[in-house]
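Just dropping this structure here.
The values are calculated or read from the model by the stated rules, or taken from the named source; none is laboratory data. Everything numeric in this text was worked out from a predicted model, so none of it was measured. We place every Cβ from the backbone using ideal geometry, glycine too, and count neighbours over all the protein chains shown.
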Amino acid sequence: MKVVHSVSLEAFMYPTEDMDKVRKALDLVLPEKAKLRKEKVDSYYGPSIVRLVFETNKAAEIKRMLEKMGSKLSKEERAEIVGGIDERMDENGNFYLRFDKQKAYSGQLVLGYKGDVIKTRIKIASFPANLSNMKYNAKILFE
């Protein structure tokens with residue numbers, strides 16, 4: 001049974017950052033050879049920043065990303081995700097996670113709550129499609 005429709009990931013690269021280092025952080029959860037879309041974004045403070053985006057609905061890529069997340073998250077982080085499902089999921093079944101980008105660069109997948117984060121949206125599938133079923137499916141992904 002399909003549990004996830006799609007996954008998207010987004011992070012910002014600031015003018016002071018090196019693309020190779022940002023890519024190393026993102027590769028902690030991205031599937032191999034993932035192609036990032038780059039979008040320039042005007043900054044309130046001056047120099048442009050780059051928004052890096054990856055989106056997929058391919059089952060093999062989704063599976064690899066979820067496997068990477070599961071293997072890199074600590075037991076405590078997974079428990080925090082499962083315990084916060086109500087706050088992390090909207091009424092359409094979009095499940096939101098944020099990871100600390102600096103820690104990801106050092107090889108650690110840790111939840112982030114503000115600042116420089118890797119934003120992840122997992123579109124949860126369920127049949128029948130209702131919020132209760134979607135929350136259950138999100139829970140089994142991270143238990």
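Enumerate the pairs (first residue in the range 7-26 and within 15 Å of F99 (Cα to Cα); second residue anywhere and assigned to a helix (DSSP H, G or I) and of a type in the set (G, A, S)) with beta-carbon separation below 6 Å, excluding pairs fewer than 6 apart on the same chain, so at least 6 apart or on different chains.
A25/A104
Determine if the range 49-68 includes at least one residue that is surrounded by fewer than 17 Cβ atoms within 10 Å (Cβ to Cβ), in contact (Cβ under 8 Å) with a residue 40 or more places away in the chain, over 22 Å from K35 (Cβ atoms) and not hydrophobic (A, V, I, L, M, F, W, C).
no
K101 - would you say it is surrounded by 19 or more Cβ atoms within 10 Å (Cβ to Cβ) and basic (K, R)?
Numbers: surrounded by 19 or more Cβ atoms within 10 Å (Cβ to Cβ): yes; basic (K, R): yes.
When the stated conditions are applied, K101 passes them.
Pick out the one residue from I85, I62, I49, I81 that is modelled with pLDDT under 95 and either closer than 25 Å to P128 by Cα or aliphatic (A, V, I, L, M) (or both).
I49
For N94, are the conditions met, namely being in contact with a Lys or Arg (Cβ under 6 Å, 6 or more places away or on another chain) and within 15 Å of V4 (Cα to Cα)?
In short, yes.
Here's a follow-up. Of the residues that sit in the range 108-130 and are touching a Lys or Arg at 6+ places or on another chain (Cβ under 6 Å) and in a loop (DSSP other than H, G, I, E, B), which one is surrounded by the most Cβ atoms within 10 Å (Cβ to Cβ)?
The extreme case among them is L109.
So, I81, is that one under 13 Å from the mean Cα position of the chain (by Cα), more than 23 Å from L36 (Cα to Cα) and either in contact (Cβ under 8 Å) with a residue 40 or more places away in the chain or not in a helix (DSSP H, G or I) (or both) or not?
yes
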